[in-house]
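Peer 1: Starting off with a structure, shown below.
The values are calculated or read from the model by the stated rules, or taken from the named source; none is laboratory data. Keep in mind it's a predicted model, so treat the numbers as computed, not measured. No Cβ is skipped: glycine too gets one built from the backbone with ideal geometry, and neighbour counts run over all protein chains shown. To get the accessible areas, we keep the full protein, side chains included, count just its heavy atoms, and leave off ligands, DNA and RNA. Shrake-Rupley method; radii C 1.70, N 1.55, O 1.52, S 1.80 Å.
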Amino acid sequence: MLTYSARMWKHPAMSWQMALEYLRTLVWPTVVLTLGFTFRKQLASLFGRVESVETPLGTVAFEKQADAVAQEAAEIESAMAGELAATETINPEIEDVETQEIPSREPQQITRPQHSNSDFSDLFELAETETTAAVMAAWREVERAVKAAGRKHGLAPITSQTLSGMGLLSDELARSVEDLRHLRNRVVHEGDILLTKSGARSYITAAQRIIEALELSQDPRFQALQYERSIVHALGRAGLPVEVGNRDDEFDAYGQTPAGATIAVEIRFRRRGELHIRDLEKVISKLPSLAVNVLVVTNAPLSQEVHELNSTYNVRPRFEVVQWQGDNDTPLLARAIGRLSD
């Protein structure tokens, strides 16, 4: 019996046809492998570039994220303006040692920052030709606004998180700044965005809205409100849950310790300067008629005479002044609450 190979060679025409089929089948894989080995470096670079190019869906996502940040910043600004419009009823106390200003009880007209499109016209124009450069320039404007806010409080370097931690910037606005920073990093550092003109314009609009909200947040009345809210939260974390007092109450808030002691809280926000004894005379004058201990919390540095008062005051009701400028100072609140709890 002839083998398969022997039978094949008995028919030369069939054997050559089959051999050609084998060659056709094998030639392209061989060519591909040879080219792949020869140009492996160039192909690796090409595939790397292909993987780094964002799809149109991702480009749309970037633009939508920028639009969302712009919308959120606009809503934050609107909420702040509404709060400031109500300061004649909330009336946070703002003191300034240099000018000795007395807070007015009269309603004050709220003036929103007026940033027209012309303020950012250069950036919108740049976005038509250099999208990445426009995004970088818009982010620099946001950074400049954050640093300007920090300089008003003698802080450097400063970030939005630092301002938020000090109770001088809302957490929501700080998050919006961080969202915008993340989008900028995706364009500049991560390189996973194919930035379009429309996307760059959305980013610039978001930066503009954030700067407007940042500038409005520097109104002393809003900062006083924001600081009061931060103190209420900080007192809770320090072991003294409090309820905010009404406008006609003697103090800003009242809390009860786990041991059952009631502590009245006075919150003093200052734009500049130290807190002096003369700033506390009104509070101290109330003490003889009170049946509760008093805690004064301020963002201002304590003068030497206030420090001395803290260390020497030993009558009832008890009285103490604490400086709180952020979460790092919350343990100071906890210790003061402990001393005022007996």
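Peer 1: Looking at Leu194, Leu183, Leu169, which one is at pLDDT below 85, closer than 26 Å to Met80 by Cα and hydrophobic (A, V, I, L, M, F, W, C)?
Peer 2: On the way: Leu194 fails: closer than 26 Å to Met80 by Cα; Leu183 fails: at pLDDT below 85.
Result of the check over Leu194, Leu183, Leu169: Leu169.
Peer 1: What is the residue count in the range 225-283 for residues that are buried (at least 20 other Cβ atoms within 10 Å of the Cβ) and assigned to a strand (DSSP E or B)?
Peer 2: Matching residues across the range 225-283 total 12.
Peer 1: Quick one: count up the residues across the range 328-338 that are modelled with pLDDT under 90 and under 19 Å from Leu287 (Cα atoms).
Peer 2: Final tally of qualifying residues: 0.
Peer 1: Quick one: how many residues across the range 293-342 are within 19 Å of Ala238 (Cα to Cα) and among the acidic types (Asp, Glu)?
Peer 2: 4
Peer 1: Let me ask another. Report every pair of residues separated by at least 6 positions or lying on different chains whose Cβ atoms are under 9 Å apart, first residue within the range 308-322 and over 20 Å from Ala291 (Cα atoms), second surrounded by 13 or more Cβ atoms within 10 Å (Cβ to Cβ) and of a type in the set (S, T, N, Q).
Peer 2: Correct list of pairs: Val322/Thr298; Val322/Asn310.
Peer 1: Considering every residue within the range 285-295, establish whether at least one is of a type in the set (A, V, I, L, M), open to solvent by less than 20 Å² (accessible area, probe 1.4 Å), in contact with a Lys or Arg (Cβ under 6 Å, 6 or more places away or on another chain) and not in a strand (DSSP E or B).
Peer 2: No: the range 285-295 contains no residue that is of a type in the set (A, V, I, L, M), open to solvent by less than 20 Å² (accessible area, probe 1.4 Å), in contact with a Lys or Arg (Cβ under 6 Å, 6 or more places away or on another chain) and not in a strand (DSSP E or B).
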